[in-house]
Amino acid sequence: MEDIIDAIKEIAHRIDEAIKMEDLGYSDSENSSGEDQLKLDVQSDIIIEKVFAKIGRVKDLVSEEKEGVHHLHDDGKYTICYDPLDGSSLVDVNLSVGSIFGIYEGELRAENMVASVYVIYGPRIEMIVAFRGSRPMLYCTRRNHFEEIGEIVLNEKGNQNAPGGTQMNWTPNHKKFVTSLFDEGYRLRYSGGMVPDLHQILLKGGGLFSYPATSDKPDGKLRQLFEVIPFALIYEEAGGQAIDENGNRLMELIPSHPHDTSPCFFGSNYEIEAMKKAYGLN
Ligand code: FDP
């Protein structure tokens, strides 16, 4: 797996350079979810494809920006599902964005994910790597090299609340629950980028990120393979929980289409238990 992690480090440097040097405007195309693509989305996708093409153990690639599977190596072992530039609507206002990678062995379902990695492009590049069964590890770049910083462990309870989706489309029950956390003293921390928002909660010890079912998006917005399942592994391995609105573990998801979405709740134990209670799940 070291070759794949090294490849992601190379990708991170190249995408970071593209963010800093290249045109931030829109391309003429849409991705497979019907969203306008930035030139940077397309370019990041090409960077990733080129770097993984050199790694024999990568069998297939599935990109959030494209329909279908891109086959690389017949005798490869892993399928990598990735979102090349998550939160790309934040690029033009110069907020942090990220890349997310889910590494699967076998069929594309959560239980077959063996490792998950995300990169955050902020003032510095940082990366979190999680292998199934061990604590996620934080890496930061210094002088252009990734240095291992340490394991990430969530506290039992945090103080941050990152509630996604448009409030007028929330259910009354969800609204009540989000308000109840603020009434307990939770602080609003929501940039609109899944990577920086979940990263902040992980590094500051805990809290809740939610993207619920809404009246306009009954299946949520965030994609299972590229966003939801990779973060579910990281949150569980950090000692937290990741569930859907019925209380099912997101690590049990079986996507029926690569671009399926799911409502999702990621957090430390206290907030997830509070959510289950508010949703009448226990
Ligand atoms: P974006 O549309 O900018 O790509 O991946 C989708 C995403 O960003 C997430 O990064 C982010 O958490 C979410 O959408 C934000 O959606 P809302 O604006 O609906 O809260």
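The values are calculated or read from the model by the stated rules, or taken from the named source; none is laboratory data. All of these numbers come straight from a predicted model, not from anything done at the bench. Reconstructed Cβ throughout: ideal geometry from the backbone, glycine too, with neighbour counts over all protein chains shown. To get the accessible areas, we keep the full protein, side chains included, count just its heavy atoms, and leave off ligands, DNA and RNA. Shrake-Rupley method; radii C 1.70, N 1.55, O 1.52, S 1.80 Å.
Tabulated data
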{"quantity": "Estimated translational D of the chain in µm²/s (Stokes, Kirkwood radius over Cα pairs; 4 °C; 1.567 mPa s)", "calculated": "69"}
{"quantity": "Amide proton proximity set for Val114, modelled H, under 5 Å, gap of 5+", "calculated": "Ile103, Tyr104, Glu105"}
{"quantity": "Accessible area expressed per residue, the stretch 172-282, with surrounding protein chains retained (probe 1.4 Å, Å²)", "calculated": "38"}
{"quantity": "Modelled FRET efficiency - R0 30 Å, Ile254 with Val93, Cβ distances, 0.05 increments", "calculated": "0.25"}
{"quantity": "Rg in Å to one decimal, and Dmax rounded to a whole Å, for the stretch 160-278 via C-alpha atoms", "calculated": "12.9, 39"}
{"quantity": "Placed amide H near Gly98: partners under 5 Å, 5+ positions off or other chain", "calculated": "Asp86, Tyr121"}
{"quantity": "Dipole magnitude (debye, nearest 20) for the chain, charges at Cβ of Lys, Arg, Asp, Glu", "calculated": "880"}
{"quantity": "For the stretch 107-113, 3J(HN,Hα) per residue [Karplus equation, 6.51 cos²θ - 1.76 cosθ + 1.60, θ = phi - 60°, Hz, x = Gly/Pro]", "calculated": "4, 7, 9, 4, 5, 9, 7"}
{"quantity": "Per residue, the convex hull volume that the Cα atoms of the stretch 2-151 enclose (Å³)", "calculated": "111"}
{"quantity": "Charge context of Gly207, other residues only, Cβ under 12 angstrom, K/R +1, D/E -1", "calculated": "0"}
{"quantity": "Distance (nanometres) between label positions extended 7 Å along Cα→Cβ at Glu156 and Met168", "calculated": "4.2"}
{"quantity": "The stretch 166-229 - convex hull of the alpha-carbon atoms, volume per residue in Å³", "calculated": "95"}
{"quantity": "Lys/Arg +1, Asp/Glu -1 at C-beta; the chain dipole; positive extreme among Phe266, Ser116, Pro255", "calculated": "Phe266"}
{"quantity": "Exposure of Glu184 as accessible area (Å², to 10), given a probe of 1.4 Å and all protein chains", "calculated": "90"}
{"quantity": "Per-residue SASA entry for Thr179, accessible area with 1.4 Å probe, Å² rounded to 10", "calculated": "60"}
{"quantity": "Added length on full extension, which subtracts the Cα-Cα distance from 0.36 nm per residue, Asp75 to Asp3", "calculated": "24.4 nm"}
{"quantity": "With DNA, RNA and ligands ignored, accessible area of His71 (1.4 Å probe; Å², nearest 10)", "calculated": "90"}
